[in-house]
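Heads up, the thing below is written out as structure tokens.
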Amino acid sequence: MVPHPQPPALTRFVADMEALLATSPTEPEILHHGGQLLAQLIATADWLPDHLATPRADRYQQYLLHLDPAERFSVVSFVWGPGQSTPVHNHTVWGLVGVLRGAEEVQPFTRHPTGALIPAGPPAQMTPGMVDSVSPARGDIHAVRNALADAPSISIHVYGGNIGAIRRSVFQPDGSQKEFISGYSKPDPK
Ligand code: FE
């Protein structure tokens, strides 16, 4: 366990998510109301502790902030160094992405009848306070990159499961896929 107290803003978000899930919402309801809760959480950017906001030179970091004991949802900080990006990947569960600091570019993909993956419209340019979502019901394949070439960016993600342990896929442009399990980054003990 992380030997740090949970930031009050995150504790409030988790309680609000638990209350939302207690109403047995549909996935669109989770994305709508959960998105509003996430927008509240990222309305201020100072609550995320430094050890969960630290970029690394070799690749983007994915720090676990909270895992629901029943694994109904997880909350993660994604920390991008300048120019870092994900491969094209899916999630298999619903997801919410909110930018906390910096700027990110999100490119959704859709499947062409040939099986190839093609961009589903232009990439979304996301700045602090903006929330995006993914859903297996309407497409959950995308690639994300830090839109800043000279500074880190940070986003807070919420997923409908223990995202670090979920078996999912990365994709090549021809649509071929390879399974992966992301795990979580290990914060530097400070
Ligand atoms: Fe993603």
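The values are calculated or read from the model by the stated rules, or taken from the named source; none is laboratory data. All values reported here derive from a predicted model rather than from experimental measurement. Here the Cβ positions follow ideal geometry from the backbone for every residue, glycine too, while neighbour counts run over all protein chains shown. Just the protein is used for accessible areas: all its heavy atoms, side chains included, with ligands, DNA and RNA removed. Shrake-Rupley method; radii C 1.70, N 1.55, O 1.52, S 1.80 Å.
Results, tabulated for the structure shown:
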| read-out | value |
| --- | --- |
| Set A124, A149: member being closer than 21 Å to Q36 by Cα and more than 14 Å from the chain's Cα centre (by Cα) | A124 |
| Output for the stretch 21-32, where each listed residue is under 14 Å from S133 (Cβ atoms) and surrounded by fewer than 17 Cβ atoms within 10 Å (Cβ to Cβ) | P25, T26, E27, P28, E29, H32 |
| Residue list for the stretch 134-153, restricted to those being aliphatic (A, V, I, L, M) and either open to solvent by 10 Å² or more (accessible area, probe 1.4 Å) or out of contact with any Ser or Thr (no Cβ under 8 Å at 6 or more places or on another chain) (or both) | V134, A137, I141, A143, A147, L148, A149, A151 |
| Any chance A124 is open to solvent by less than 60 Å² (accessible area, probe 1.4 Å) and within 16 Å of the ligand (Cβ to nearest atom) | yes |
| Lone unmet requirement of (1) touching a strand residue (DSSP E or B) at 6+ places or on another chain (Cβ under 8 Å); (2) open to solvent by 70 Å² or more (accessible area, probe 1.4 Å); (3) assigned to a loop (DSSP other than H, G, I, E, B) for G175 | (2) |
| Residue match in the stretch 94-107 (condition: touching a Leu at 6+ places or on another chain (Cβ under 8 Å), more than 11 Å from the ligand (Cβ to nearest atom) and part of a strand (DSSP E or B)) | yes |
